[in-house]
Amino acid sequence: MRIRTNDIVQVITGDDRGVRGKVLKINRAAGKLIVEGVNRVYKHVRRSQRNPQGGRLSKEMPVQISNVLLICPKCGQPSRTGARFLDDGSKERYCKKCGAGSGEIAPPRRARSSQK
Ligand SMILES: [Zn+2]
């Protein structure tokens, strides 16, 4: 999946199915990402110096990358993304539904020659 931070994604499985949110953090090694407002858990915090009130802290837990789909900025639908080369040799993501590009993923030229 070609997802970057600040992308808007939609969750497609689990309790948060259908929820859209912004990608806050990506852990590619683990194949997980943190989406704003998704998979939120409450942590109960005891009163302490740092947190004199105590109480509940909400925190998003990572979700599996395969459980989200990128929302296409053009057609507004959750869609699969593909990658294609442009005329100048740069590589971009595109929406497989409407074909609109959604941002460069590799700069022109050099990226192509370094491909395996
Ligand atoms: Zn689209």
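Readers should treat all values here as calculations from the given coordinates under stated rules, not as data from a laboratory. Since the model is a prediction, treat every value here as computed from it, not as a measurement. Here the Cβ positions follow ideal geometry from the backbone for every residue, glycine too, while neighbour counts run over all protein chains shown.
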Exercise for the section: Would you calculate, for the chain, the mean residue ellipticity at 222 nm contributed by helices, counting each DSSP H stretch of 4 or more residues as -39,500 (n - 2.57) and dividing by all residues, to the nearest 500? Expected result: -500 deg cm²/dmol
Handout entry: Cα-projected label distance for Asn51 with Leu24, points at 7 Å along beta-carbon direction, nm
Key = 1.3 nm
Practice task
Pop the C-beta distance of Ser66 and Tyr42 into the FRET formula with R0 = 30 Å and round what comes out to the nearest 0.05.
Solution key: 0.70
Practice task
Work out the charge dipole of the stretch 21-116 with +1 on the Cβ of Lys and Arg and -1 on the Cβ of Asp and Glu about the Cα centre, then indicate which of Cys72, Val23, Cys98 is farthest towards its positive end.
Solution key: Val23
Fill in the blank from the handout: Listing Lys97, Lys59 by rising number of other beta-carbon atoms within 10 angstrom, fewest first, gives Lys59, Lys97
Problem - Long-range Cα-Cα pairs in the stretch 1-71 (distance over 16 Å), rounded percent - result: 48 percent
Problem - Where labels lie 7 Å past Cα in the beta-carbon direction, separation of Leu86 and Arg17 in nm - result: 3.7 nm
Handout entry: Cross-link reach list, lysines versus Lys22, counting only Cα pairs under 26 Å and skipping chain neighbours closer than eight places
Key = Lys32, Lys43, Lys59, Lys74, Lys91, Lys96, Lys97
Handout entry: Within a Gaussian network of the chain (alpha carbon springs, distance under 10 Å), most fluctuating of Arg93, Arg50, Arg28
Key = Arg50
